[in-house]
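Scroll down for the structure; my scribbles are underneath it.
The values are calculated or read from the model by the stated rules, or taken from the named source; none is laboratory data. For clarity, every value in this text was computed on a predicted model and none was experimentally measured. Because the Cβ atoms are built from the backbone with ideal geometry, glycine has one as well, and the counts that use them run over all protein chains shown.
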């Protein structure tokens, strides 16, 4: 999405505010987090340009990831309108759990989710949250 000079300045101010609120220390820290979230490199210089208003455009996919990483509204981040926080802001424990989850291998993520569903059944037996249906197990064919 292309940004005017005025929009660039506003975006720079909002991204700095959101990073500070999310406890992100600077461009290097943020580029590392975004790279992990997106699965590809986000250059520290790019983040620096966002923070200083030197950016001319930003891809929608990246803007969504930026908003998710700093836990703010995509509308507020991109336009300055509405509330800064998403409707359900992450508390410290949720953010910590999300950060740990993002660091896990795919296998470990599956194991963690299985454990979380078991823990939920024990701690809250009336919960309506249910795990997704499992794929049928593959059977070995004899030759």
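At pLDDT below 85, assigned by TED's automatic domain parsing to the domain that holds residue 30 and out of contact with any strand residue (DSSP E or B) (no Cβ under 7 Å at 6 or more places or on another chain): which single residue out of 129, 100, 55, 70 fits that description?
Residue meeting the stated conditions: 55.
This table checks each residue for (1) surrounded by fewer than 16 Cβ atoms within 10 Å (Cβ to Cβ); (2) closer than 26 Å to residue 100 by Cα; (3) out of contact with any helix residue (DSSP H, G or I) (no Cβ under 7 Å at 6 or more places or on another chain).
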| position | (1), (2), (3) |
| --- | --- |
| 13 | yes, no, yes |
| 19 | no, yes, no |
| 61 | yes, yes, yes |
| 78 | no, no, no |
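Which one is modelled with the lowest pLDDT among residues in segment 74-84 that are within 16 Å of residue 16 (Cβ to Cβ) and not in a helix (DSSP H, G or I)?
84
Does residue 119 fit the bill of being part of a helix (DSSP H, G or I) and exposed (fewer than 15 other Cβ atoms within 10 Å of the Cβ)?
Against the criterion (part of a helix (DSSP H, G or I) and exposed (fewer than 15 other Cβ atoms within 10 Å of the Cβ)), residue 119 qualifies.
Given the conditions (1) modelled with pLDDT under 90; (2) farther than 27 Å from residue 101 by Cα, and given that residue 38 satisfies all but one, which numbered condition is not satisfied?
For residue 38, the failing item is (2).
Kindly evaluate residue 107 against the criterion of being modelled with pLDDT of 80 or more and exposed (fewer than 10 other Cβ atoms within 10 Å of the Cβ).
Taking the combined requirement at face value, the residue satisfies it.
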